[in-house]
Amino acid sequence: MKRISLFIISLSLIISLMGCSSSVQSSIKDYNDNDIAAIVKDKEITIGELRFLYTDEEVLESIEGTVKIELILQEAKRMNLDVSDNKDLQEETMMLLPLRDKEDPFGKSMIDFIEMQAQKLGMEPKEYYKKYVEIRSEQIAYIDAYTQEMFGEPDAYNEDGLEVYNKKANDFLNEFVKEHKNEIKILIE
């Protein structure tokens, strides 16, 4: 139960970091997979990396959130936070979750999302989902480790406490991103 609760906390932090940009002007079709969408410190994020995680319709709206996640990952790695056990645990948890009843952050059933992404990328659905889980598990593990380092471990059995913890972590992470805005370049809109 605690493992699922911590997974949900971390996933909700990722979702809240994504945000949406209402000023999206371009279409994903205007870009190639190798085009650089953003740079966070020295790490380039390509359109192809975004296309892997999001539907084509969601790629441009997801750049800002992906940038935030990358900044947090870099900071957690700089702090030498060990996430190996947590990453494995996150992968195991995600692989055990039933997909038919779950929705992705944009409201599609996960199975539909997986099948659509796999087809778009020329992959088998199981192959796509395994890679997707690897990427998301690493993100969740680092965000979880970073927030726990900053705020301690949340009380997974106290719903009100979880809500307060999530708000505190979200506010802190958004402020952290603002402090590093000079190290972030979003190159496409």
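The values are calculated or read from the model by the stated rules, or taken from the named source; none is laboratory data. As the structure is a prediction and not an experimental result, all values here were calculated from the model. Every residue, glycine as well, gets a Cβ built from its backbone with ideal geometry; the counts of neighbours run over all protein chains shown. SASA here: full protein model, heavy atoms, side chains in, ligands and nucleic acids out. Shrake-Rupley method; radii C 1.70, N 1.55, O 1.52, S 1.80 Å.
Do any residues in region 127-147 that are under 15 Å from residue 78 (Cα atoms) and of a type in the set (Gly, Ala, Ser) have Cβ atoms under 8 Å from those of residues that are open to solvent by less than 10 Å² (accessible area, probe 1.4 Å) and assigned to a helix (DSSP H, G or I), where the two are at least six apart or on different chains, and which pairs are they? Matching pairs, first to second residue: 141/10; 141/90; 145/76. Checking residue 129 against (1) at pLDDT below 90; (2) closer than 26 Å to residue 47 by Cβ; (3) hydroxyl-bearing (Ser, Thr, Tyr): exactly one of these is not met. Which one? Single failed check for residue 129: (1).
Conditions (1) over 20 Å from the mean Cα position of the chain (by Cα); (2) open to solvent by 70 Å² or more (accessible area, probe 1.4 Å), marked per residue:
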residue	(1), (2)
145	no, no
158	yes, no
176	no, no
185	no, yes
189	no, yes
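Restricting to region 49-87, and then to whatever is open to solvent by less than 50 Å² (accessible area, probe 1.4 Å) and polar (S, T, N, Q), can you tell me which residue is nearest to residue 111 (Cα to Cα)? Restricting to residues being open to solvent by less than 50 Å² (accessible area, probe 1.4 Å) and polar (S, T, N, Q), the top hit is 55.
Among the conditions (1) open to solvent by less than 10 Å² (accessible area, probe 1.4 Å); (2) modelled with pLDDT under 90, residue 106 misses just one, which is (1).
Is it the case, given these coordinates, that residue 163 is over 22 Å from residue 63 (Cβ atoms), in a helix (DSSP H, G or I) and in contact (Cβ under 8 Å) with a residue 12 or more places away in the chain?
Working: over 22 Å from residue 63 (Cβ atoms): yes; in a helix (DSSP H, G or I): yes; in contact (Cβ under 8 Å) with a residue 12 or more places away in the chain: no.
Taking the combined requirement at face value, the residue does not satisfy it.
Contact map, region 33-48: first residue crowded, with 16+ Cβ neighbours inside 10 Å, second residue basic (Lys, Arg), Cβ cut-off under 7 Å, separation 6 or more or different chains; pairs are 38/185; 39/185. Any residue that is of a type outside the set (A, V, I, L, M, F, W, C), assigned to a helix (DSSP H, G or I) and closer than 30 Å to residue 56 by Cα - is there at least one of those in region 148-158? Within region 148-158, none of the residues are of a type outside the set (A, V, I, L, M, F, W, C), assigned to a helix (DSSP H, G or I) and closer than 30 Å to residue 56 by Cα. Among the residues of region 75-89, write down those that are out of contact with any helix residue (DSSP H, G or I) (no Cβ under 9 Å at 6 or more places or on another chain) and assigned to a helix (DSSP H, G or I). 78, the sole residue that qualifies.
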